[in-house]
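*Asks:* Can you read through this structure? Questions will come right after.
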Amino acid sequence: MAEAVIGNAQRSLWYKIRIFVNSHLINIFAGGLFALLAIFLAFPLVMVFIKSLWGDDGFTFSFYQEFFSYNFYYWSFLNTMILGLSVMVILVVVGFCFAYMTTKGPHWMRTPLKICALMPLCAPPYIFSISLITLFGRNGMINNFFNLDLNIYSWTGVIVAQCLAFLPLSYMMIENVLNSQNPSLEESASDMGASEFTIIRAITIPLAAPGVLKAALLVFVMTIAEFGNPAILGGRIPFLAPDTYLMITGEGDFNMASVLSVVLMVPCIIIFIIHNYILKGKGYTTIVGKPTAVDPKDMTPVIKYSILAIVVPVAIMILLSFAVIFLGAFVKIVGVDNTFVIDHMLNMQSNTAIYNSVKLSLMAGLFGAIVGTLLAYVIMRGKFKGRKIMEMLALSGFALPGTVIGVGYIMAFNSPPFLLAGTIWILILNCAFRFLAVGVEAGISKLHQISIEIEEASADLGADFITTFFKVILPIMFSAFIAGFIYTFMTTMMSLSSVIFLVTPGFDLAAVYIYLTAQLGELGLASAATVKMMLIVVVCFASLKLLAKKTGLDVIEKK
Amino acid sequence: MGNKETPMLELVDVHKSFGDVKVLKGISASISKGELLTFVGPSGCGKTTLLRIIGGFTPITSGKIILDGEDIADLPPNMRDTKMVFQSYALFPHMNVRKNIGFGLKLQKLPQKKIDDRVDKLLSLVHLDGLGDRTIDRISGGQQQRVALARSLALEPKVLLLDEPLSNLDANLRVVMRDEIRNIQERIGITTIFVTHDQYEAMSISDRLLVLNDGVIQQIGTPSDIYETPDNRFIAEFVGYVNFLEGKIESFDQDSSGLFLVSTEYGDISLNKINERNFDKGDEVFLVIRPETVTLFPSDAQDLPNMLTGKILHSMYSGNLVKYTIKCGDRELLIDQYNPKDSIKFKRGDNIKFTVPRTVHALPKKG
């Protein structure tokens, strides 16, 4: 029999270390990633909570008391909720109308309407502030032309701008739901004698309801978190996101800024939980087997024209907005002095800002894609406890308002041990970690398609975790990596809410530059910078679409 | 170097639990150099878990895995000298055939020339000459199987592990690949563990079988041991069809012929001294009667030893044999009559006689 079996006792220390490292490398990596998430996502948020409860004299509820006793503060909260709810209600209706027309309307209308509904994706949300000022501002084209006295710095202005900005979100989600409905359900209802109106009421809407609810919640979160539009058009109306910014830049009151952040964060977290855990997997699957192609029926005129009455003005507004931005970039002052100038486009400061933004976005994109891919891998394949928490943390950056994370970052990284304030790193890390969700989700969905046996085979053939990761996993997950990269790049380009807290004077970013010039009424400069930004974003979108076509990994739909 | 004495791989009291669920309950077995041992059992019996434990993909709860004199239970897969062919083949989709096969060699930092030579040899061993530059999605399932095999063989492991390697192939290809795997295995003399749930596949490819059920070894033995002298009812029923007849040992003729006399409800049967088992008079037994061991006679045939009577309930002709279901008392027995062309064909309702051979295997009713 085996008289001299070599066991652990006979092994050298060096060999034991090798065994340990090889067995636990993935856990070691997971630990590192966990630390990164903890430092760059959880820690800033914790700082916000602490700061909202910790004054000069220690623990106190006085800041919250203050918040609830001054109507300036609590109205800021109420206004934000009212804004969120109104935009949500409007966009559910408008999004549904667009989705209905592009899935069931006349064929020739579908593509143009779809393009209109999706156009705002290529631009930052605050583009509509600029276009609305250009059209309806004190010297606005339309105001001047019709001799109107519309005030765009008002509730109407903010709501319209927000609705236009977030239409794509609502549209894409609802269109997705309508598209996945089996047309034969409607046909069979019609076969049994139902009118189109009855079908919409009894079949289409009930079936779409879970999906529409998800869209509504997302629109709500995005709207209340948005900084640019309420900051530019809000005038004297208090809203949480811009007030948080003012609290810091104007009054240097970090405690109150933290309270506002917490108040803004709470509904976002609640909705994030509802969305990810309660509504997850809700919805109806009605397509079984092979769906047959269906010729669209002619819509009932009353329905068709009612929907068009909503859809057409919105589409025109969107087209007009983009048109005036392009126009504004190339003429002196739109509507006032329409002579062609190239100065806005060539403006040095604006070009530097674009250059800085591209640089930042490249680095954030690269960093985010690497961390995102690794995280996706560790979350999917790791065998340790706490993977769910890790995933939640990684995805939370997406759900949390940029202003909140921005506030957290200045408080968390202003002093040792993590002194990053004033460096480009604070911006890179902020953007990389906030937009991690897409890279992680793309990675996870890609990993779902890869058999775990592939990695086991690699280990079996002698590869350690790092070799397996770089030689086998990364090449197979490359499409997810690229998708994460482009997406982070693109969102970093347009992101305003968080970076505005973190930029140092003298280091301009495109988004901040557009915001500041728009506030100063330098619409030509703002428009020109927006045009340049949009061109870059359009290229990104095209690459993502191409990637989706080639590899079937669609992060735009996922968002 | 006494191969017979020192096994290549030895499992010592291997236990595995997933949470509260005990999947393997004390597996001990050994496999000698150059042998092909098959783990076989119904799904959920723990055979794949056991294989994965040997490969290092599933940690062991307790026990030892001794590979060529070293306990490897603590080692991660990349530090073990066992190589696995996965059920899904697990070929790297972003590499061509050649790169897949050379993957492990490359990790060992061998010079490219050497890798190329070795890969060429392996390609011809598995009959894939000229397909080295194909991508994985451009070769068939059977070819993928060969690539997976070559990739594992490239590193000349001490033990080759095959996890249901034929389950993704269609019926004809299964047989071809089964024979080919056996052929290559015998030619290069590699110690191999094969996992399958298909008992016929297991019997036709193996030197020995390890039959698992519910995390416990039921029997280890050659295919004929397992089929002809199963250790218990589970084994008997797992491999092939079996008729059980209950009986009682009536007497044992110590001096002359060495025959047991077993009484059953349907008549007495005398058996050769059976499988060195120590039966005593009065022991209750199950007789393990395989369908093909029984011979049928017409009802007017003259009486022979071990002859019982019955009636044809049903017959099913399938070329090389006729399957009869016969009624014997209140029992139904299945009987296969081979070479139907040269034998009497019985019809439903025919009264018949049949003989049970003296070599029939008996199992104790208890234990």
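Every read-out reported here was derived from the displayed coordinates using simple, explicitly stated rules and does not represent laboratory data. In this text, all values refer to a predicted model and were calculated from it rather than measured experimentally. Cβ coordinates were reconstructed from backbone atoms using ideal geometry, including for glycine residues, and neighbour counts include every protein chain displayed.
*Asks:* State whether chain A is rounded, prolate or oblate according to the following rule on the C-alpha gyration tensor (a ≥ b ≥ c being the square roots of its eigenvalues): a/c under 1.5 gives rounded; otherwise a/b larger than b/c gives prolate, and the remaining case gives oblate.
*Replies:* In terms of gyration-tensor shape, oblate.
*Asks:* Place the peptides B:147-155, B:236-244 in order of packing, highest mean first, counting for every residue the other Cβ atoms within 10 Å and averaging per peptide.
*Replies:* For the peptides B:147-155, B:236-244, the packing ranking is B:147-155, B:236-244.
*Asks:* Add +1 for every Lys or Arg and -1 for every Asp or Glu among the other residues with Cβ under 11 Å from the Cβ of residue A:492, and state the total.
*Replies:* Neighbour charge sum, excluding residue A:492 itself: +2.
*Asks:* Within 11 Å, Cβ to Cβ, of residue B:135, how many net charges do the neighbouring residues add up to if Lys/Arg are +1 and Asp/Glu are -1?
*Replies:* Result for the local shell: +2.
*Asks:* For chain A, calculate the relative contact order in percent as a whole number, restricting contacts to Cα pairs under 8 Å that are 6 or more residues apart.
*Replies:* 20 percent
*Asks:* Continuing with the same structure: So what's the gap between the Cα centers of the stretch A:515-542 and the stretch A:71-140, to the nearest angstrom?
*Replies:* Each part's Cα centre sits 18 Å from the other's.
*Asks:* A further question on this structure: State which entries of B:33/B:121; A:104/A:545; A:16/A:471; B:64/B:121; A:383/B:121 exceed 29 angstrom in Cα-Cα distance in the structure shown.
*Replies:* B:64/B:121; A:383/B:121
*Asks:* Just to check I understand the Karplus step: with θ = phi - 60° and J = 6.51 cos²θ - 1.76 cosθ + 1.60, what whole-Hz values come out for the stretch B:29-43, glycine and proline as x?
*Replies:* With the stated coefficients, the stretch B:29-43 comes to 6, 9, 10, 8, 4, x, 8, 10, 10, 10, 8, 9, x, x, 5 Hz.
*Asks:* Sticking with this one: I'd like the mean, over residues of B:155-163, of how many other protein chain beta carbons sit within 10 Å of each residue's own Cβ.
*Replies:* Mean inter-chain Cβ contacts per residue within 10 Å come to 1.
*Asks:* Then there is this: Going by a ≥ b ≥ c, the root eigenvalues of the Cα gyration tensor, does the stretch A:74-323 fall in the rounded group (a/c under 1.5), the prolate group (a/b larger than b/c) or the oblate group?
*Replies:* Since a/c reaches 1.5 but b/c is at least a/b, the shape of the stretch A:74-323 is classed as oblate.
*Asks:* While we're looking at this one, here's another question. So which aspartates and glutamates pass the test for residue A:332, namely a Cα distance under 18 Å, with those fewer than 8 places away in the same chain ruled out?
*Replies:* A:343, A:522
*Asks:* Hey, can you grab everything whose amide H is under 5 Å from the amide H of residue B:243? Only 5+ residues off in sequence or another chain; H modelled, so Pro and N-termini drop out.
*Replies:* Residues meeting the criterion, in which the H sits 1.01 Å from N, are B:289, B:290.
*Asks:* Could you tell me which of A:156, A:107, A:140 has its Cα farthest along the dipole of the stretch A:67-215 towards the positive end, charges placed at Cβ (Lys, Arg +1; Asp, Glu -1), taken about the Cα centre?
*Replies:* Value computed over the given set: A:140.
*Asks:* As a check on your grasp of the helix formula, calculate [θ] at 222 nm for the protein assembly as shown: sum -39500 (n - 2.57) over DSSP H runs of n ≥ 4, divide by the residue count, round to the nearest 500.
*Replies:* Dividing the helical sum by the residues of the protein assembly as shown leaves -16500 deg cm²/dmol.
*Asks:* I'd like the distance between the alpha-carbon centres of the stretch A:1-55 and the stretch B:1-62, rounded to an integer number of Å.
*Replies:* One Cα centre to the other: 30 Å.
*Asks:* To continue, here is another question. Looking at B:320, A:93, A:529, which one has the Cα that reaches farthest to the positive end of the dipole of the protein assembly as shown (charges on Cβ: Lys, Arg +1; Asp, Glu -1)?
*Replies:* After comparing all options, I get A:529.
*Asks:* Next question, about the same structure. Going Cα to Cα from residue B:365, which lysines come in below 28 Å? Please leave out same-chain ones fewer than 8 positions away.
*Replies:* Within the straight-line limit of under 28 Å, residue B:365 reaches these lysines: B:22, B:25, B:47, B:248, B:273, B:281, B:311, B:323, B:327, B:353.
*Asks:* Something else about it: Take chain B, connect every pair of alpha-carbon atoms lying under 10 Å apart with a spring to form a Gaussian network, then pick out the residue of B:307, B:177, B:79 with the largest mean-square fluctuation.
*Replies:* B:79
*Asks:* Which whole number gives the average count of other chain Cβ atoms within 10 Å of the Cβ atoms across peptide B:74-86?
*Replies:* 6
*Asks:* To the nearest whole number, what is the average tally of beta carbon atoms from other chains within 10 Å of the beta carbons of peptide B:102-112?
*Replies:* 3
*Asks:* Another question about this same structure. With springs only between Cα atoms under 10 Å, which of B:51, B:169, B:122 fluctuates most in a Gaussian network model of chain B?
*Replies:* Of B:51, B:169, B:122, the most mobile in the Gaussian network model is B:169.
*Asks:* In addition: Mind running the shape call on the stretch A:27-100? Use the C-alpha gyration tensor, a ≥ b ≥ c as the square roots of the eigenvalues: rounded below 1.5 for a/c, prolate if a/b tops b/c, oblate otherwise.
*Replies:* Oblate, since a/c reaches 1.5 and b/c is not below a/b.
*Asks:* Moving on. Sequence gap at least 6, Cα distance under 8 Å: using those rules, report the relative contact order of chain B to the nearest whole percent.
*Replies:* Relative contact order, chain B: 15 percent.
*Asks:* Let me ask something else about it. Can I get the semi-axes of the stretch B:82-204's equivalent ellipsoid? Compute them from the C-alpha gyration tensor as square roots of 5 times the eigenvalues, in angstrom, largest first.
*Replies:* Semi-axes (√(5λ), whole Å): 23, 16, 12.
*Asks:* Right, next: The stretch A:1-62: which chymotrypsin sites (Phe, Trp or Tyr not before Pro) are DSSP loop and have at most 15 other beta-carbon atoms within 10 angstrom?
*Replies:* For chymotrypsin sites (Phe, Trp or Tyr not before Pro) across the stretch A:1-62 that sit outside H, G, I, E and B with at most 15 neighbouring Cβ atoms in 10 Å, the list reads A:61.
*Asks:* Under a GNM of chain B (C-alpha, springs under 10 Å), which listed residue has the highest mean-square fluctuation: B:185, B:143, B:112?
*Replies:* B:112
*Asks:* Only Lys, Arg, Asp and Glu count, each charged at its Cβ (+1, +1, -1, -1), so figure out the dipole size of the stretch A:74-323 about its Cα centre, rounded to 20 debye.
*Replies:* 280 debye
*Asks:* Quick one: angle between helix B:112-125 and the longest Cα principal axis of chain B, in degrees between 0 and 90, rounded to 10, please.
*Replies:* 20 degrees
*Asks:* Please report how far the C-alpha centroid of the stretch B:74-103 lies from that of the stretch A:453-467, rounded to the nearest whole angstrom.
*Replies:* Each part reduced to its Cα centre gives a spacing of 7 Å.
*Asks:* Further question on the same structure: What chymotrypsin sites (Phe, Trp or Tyr not before Pro) does the stretch A:115-190 have in DSSP loop regions with at most 12 other beta carbons within 10 Å?
*Replies:* Answer in residue order: A:146.
*Asks:* Hand me the chymotrypsin sites (Phe, Trp or Tyr not before Pro) from the stretch A:500-536 located in a DSSP loop with no more than 14 other Cβ atoms within 10 Å, in residue order please.
*Replies:* none
*Asks:* I would also like to ask the following. Just to confirm a number: summing +1 for Lys and Arg and -1 for Asp and Glu over residues other than residue A:62 whose beta-carbon lies under 14 angstrom from that of residue A:62, what do you get?
*Replies:* -3
*Asks:* Turning to a different aspect of this structure: Sort A:109, A:119 by Cβ crowding within 10 Å, fewest neighbours at the top.
*Replies:* Least to most surrounded, the residues fall as A:109, A:119.
*Asks:* What does the charge dipole of the stretch B:9-237 about its Cα centre add up to, to the nearest 20 debye, if the Cβ of each Lys and Arg holds +1 and the Cβ of each Asp and Glu holds -1?
*Replies:* 880 debye
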